[in-house]
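The structure under discussion appears below in the form of structure tokens.
Laboratory data are not the source of any read-out in this text; all were calculated from the coordinates shown. In this text the structure is predicted, and so the values were computed from the model without any measurement.
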Amino acid sequence: MEGKLSHTTPAHVLTASPMIQKELVEKLKVRHIEANTYGEAHNKHATALSPTAAQLLAGHEPVYSLPLLELDVLVGDQVTVAGVLDPGLQIVVIWHNLAKEVDARINPNHLVEMEGANEATNWTLGCAEYLTMQVGDVPFKIHAHVVKDVPFQLLLGWPFGCAVSSAIEDLPNGETEVSV
């Protein structure tokens, strides 16, 4: 490069070194990793549970469904709504009427295509950026994607959990505890 090392790009390095290129390709290769493995017990007639597992299962009937996890959230320092907690969701979603009610600044250029559990897809109307919210005495700002025609006002996904450092714990009595 004749003394112009500061102008070196990753493309230059990969072109100059087939060894580095090969190693990088190997590291970036998609791999299948088995998350759960099951083995057969050595004694086929053994059915005893560990003391902890037996205690957890004793007296607990399985349930068909559980209620939604809802938190009271103050949105835009104006309106308190029940926010549905869904830590598996990758975004925070707000109903367009609520966004208008709190005078949220909506960026119409930041659209996201949402996919539901039934694989149906639709686009958001934009993003209410830097929207102020508060849970209990914990204030925070978040980007909430705006949608129309939904059966909720506020859906709190993973970004909410990150913003407030939340922890969700399922208790042995069937209740769920959410800490922020």
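For LYS4, which lysines qualify as cross-link partners when the Cα separation must be under 27 Å and same-chain residues fewer than eight apart are set aside?
Counting by Cα, and skipping residues close in sequence, LYS4 has these lysines nearby: LYS22.
Under a 5 Å amide H to amide H cut-off, with H placed in plane at 1.01 Å, what residues pair with MET114 once short-range neighbours are removed?
Under 5 Å from the amide H of MET114: ASN122, TRP123, THR124.
Search the structure for amide H atoms under 5 Å from the amide H of LEU85, placed 1.01 Å from N in the peptide plane, and list their residues when 5 or more places away or on another chain.
Answer set, sorted by chain and number: LEU69, GLU70, LEU71, LEU156.
Under 21 Å from the Cα of LYS100, which lysines turn up, not counting those fewer than eight places away in the same chain?
LYS141, LYS148
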